[in-house]
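Worksheet: one structure, shown below.
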Amino acid sequence: MIIDSSKGVVRFKVVYHGIAMSGKTTNIEHLAKESGLDMLSFDTKQERTLVFDFITKKVKVDSFTLTFSIYTIPGQDIYKDIRKMVMRGVDAVVYVVDSSERRLAENKEFINTLDEDLRIYGKDIESTPIIIQYNKRDLPDALPIEILESEVSIPGKRSVEAVAVKGQGVSETFDMVIEELMEKFKKMVG
């Protein structure tokens, strides 16, 4: 979080984290589209994130302009160095879970990856604002939400069900991120 009180601007970095092909890019594509924003993306030929995707979203709250730099990480392990670089300076995380039964083990394992990525920069899962998004709820093999919440949850973190390709749950997820960051900001400034 960077605060420029002379200009009334607060800058936050939000990273969409999770396994490959879980819907991270689809989320920010939808956010960009609904806000009329341009998206910077570095993809492979298979439309998989190579480096990161990026948008900037601004929200006016009282006398402040909140600027959110929103990134995705590449979920493939071969890009772990890039993923770690993108995590530098993160203020909040959306952990995107693929609801498919066949991806359950990957989703569970990647929570450890998230923890490791945060610890590199002196942060941890407990104190970092994190929203869990259970995406792809429309898939025929989507696990019941109760199973996902018992298997792929982070204690004390809120969650949202989503179908990012249809825009369902995308704005709700980001609104929760804003709430979490505003709460943290208010505690800092008193």
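The values are calculated or read from the model by the stated rules, or taken from the named source; none is laboratory data. Remember, it's a predicted structure, so these values are computed and weren't measured experimentally. Every residue, glycine as well, gets a Cβ built from its backbone with ideal geometry; the counts of neighbours run over all protein chains shown.
Here are the numbers for this structure:
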read-out	value
Subset of the stretch 34-70 (residues that are exposed (fewer than 13 other Cβ atoms within 10 Å of the Cβ) and either at pLDDT 75 or above or within 12 Å of the chain's Cα centre (by Cα) (or both))	K58, K60, V61, D62, S63
Residue in the stretch 149-160 that is within 20 Å of R102 (Cα to Cα) and touching a Lys or Arg at 6+ places or on another chain (Cβ under 8 Å) present	yes
Residues of the stretch 140-156 satisfying the condition of being free of Cβ contacts under 8 Å to residues at least 40 places away in the same chain and either assigned to a loop (DSSP other than H, G, I, E, B) or in contact with a Cys (Cβ under 8 Å, 6 or more places away or on another chain) (or both)	P140, P144, S153, P155, G156
Lone qualifier among R137, R102 - being part of a loop (DSSP other than H, G, I, E, B), among the basic types (K, R) and over 16 Å from the mean Cα position of the chain (by Cα)	R137
Only one of E172, E180 that is crowded, with 17+ Cβ neighbours inside 10 Å and either under 13 Å from the mean Cα position of the chain (by Cα) or not in a loop (DSSP other than H, G, I, E, B) (or both)	E180
Residue within the stretch 100-112 that is of a type in the set (G, A, S) and loosely packed, with under 13 Cβ neighbours inside 10 Å present	yes
Filtered residues of the stretch 117-127 (kept if within 21 Å of E151 (Cβ to Cβ), out of contact with any Ser or Thr (no Cβ under 9 Å at 6 or more places or on another chain) and surrounded by 15 or more Cβ atoms within 10 Å (Cβ to Cβ))	D117, I125
